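Novice: First the structure, then my questions, so here it is.
The values are calculated or read from the model by the stated rules, or taken from the named source; none is laboratory data. What you see is a predicted model, and the numbers here were worked out from it, not measured in a lab. So basically every Cβ, Gly included, is an ideal-geometry build from the backbone, and we count neighbours across all protein chains shown.
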Amino acid sequence: MLGTAVRSEHLAPGVHRSDTRQQMKKRWIWVCLVVLVMGAVFVWSLTSEGNKSASAPISFDLTEGATLYQDYCAACHGADLEGQPGWQSAGPDNVFPAPPHDETGHTWHHSDTVLFDYTKWGGAEALARQGVDFQSGMPAFDADLTDDQIRAILAFIKSTWPQDLQDAQAQRNAEETEETR
């Protein structure tokens, strides 16, 4: 009896122990819901389409990237990233030859998102998604390479550029990220 009387002192007048338990249960449910929603938003932000394409400060195995480049890219873009001759002019079929990916080309002018999408979806589809009708010789690799393999290839290509071009391309990525916020 004495224990019951002491516990009752802590309850506000007119509030029963079952009311307090109900309130605690409601608070617990709200806390769980808030944590669940925050977790869902966090996971969504990591997996949203925009973030899939954009570069993240994740390191990739450059040896794997170099091997994948030789297996999937070198036939068109050159074993030494030199591209095809005459890459700046369309051929008789109105398709541009494969450009170099070394510092003499324009790859470093593009953000990681553009490079990723161009590789994954192919040139024509990547541009069509931006509302541009363009005949491109760049095939899609979405059926042949995983997203991480594409990123490993891009990391390898970028690792061959002089530091000033890497910095310029990193700035392009930062500007694109800022524009999408």
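Novice: Output the number of the condition that GLN70 fails; it satisfies all remaining conditions of (1) modelled with pLDDT of 95 or more; (2) surrounded by fewer than 19 Cβ atoms within 10 Å (Cβ to Cβ); (3) part of a loop (DSSP other than H, G, I, E, B).
Specialist: (3)
Novice: What are the residues in the range 73-92 that are under 23 Å from GLN135 (Cα atoms), in a loop (DSSP other than H, G, I, E, B) and out of contact with any Cys (no Cβ under 9 Å at 6 or more places or on another chain), if any?
Specialist: Quick first cut of the range 73-92, residues under 23 Å from GLN135 (Cα atoms) only: 73-78, 81-92.
Those left that are additionally in a loop (DSSP other than H, G, I, E, B): 73, 78, 81-92.
Of everything in the range 73-92, those that are under 23 Å from GLN135 (Cα atoms), in a loop (DSSP other than H, G, I, E, B) and out of contact with any Cys (no Cβ under 9 Å at 6 or more places or on another chain) turn out to be CYS73, GLY78, GLU82, PRO85, GLY86, TRP87, GLN88, SER89, ALA90, GLY91, PRO92.
Novice: Sticking with this structure for a sec: Please go through the range 117-134 and give me each residue that is of a type in the set (Asp, Glu) and under 23 Å from GLN149 (Cα atoms), ordered by number. Can you show your working first?
Specialist: Quick first cut of the range 117-134, residues of a type in the set (Asp, Glu) only: 117, 125, 133.
Listed by number, the residues that qualify are ASP117, GLU125.
Novice: Checking the conditions here, which among THR104, THR119 is under 18 Å from the mean Cα position of the chain (by Cα) and polar (S, T, N, Q)?
Specialist: After ruling out the rest, the residue left standing is THR119.
Novice: Take VAL95 and tell me if it is within 24 Å of ALA143 (Cβ to Cβ) and assigned to a loop (DSSP other than H, G, I, E, B). Steps first, answer last, please.
Specialist: Working: within 24 Å of ALA143 (Cβ to Cβ): yes; assigned to a loop (DSSP other than H, G, I, E, B): yes.
For VAL95, the condition - within 24 Å of ALA143 (Cβ to Cβ) and assigned to a loop (DSSP other than H, G, I, E, B) - is met.
Novice: Failed condition for GLN84, given (1) more than 18 Å from ALA155 (Cβ to Cβ); (2) surrounded by 18 or more Cβ atoms within 10 Å (Cβ to Cβ), with all others met?
Specialist: Failing condition for GLN84: (2).
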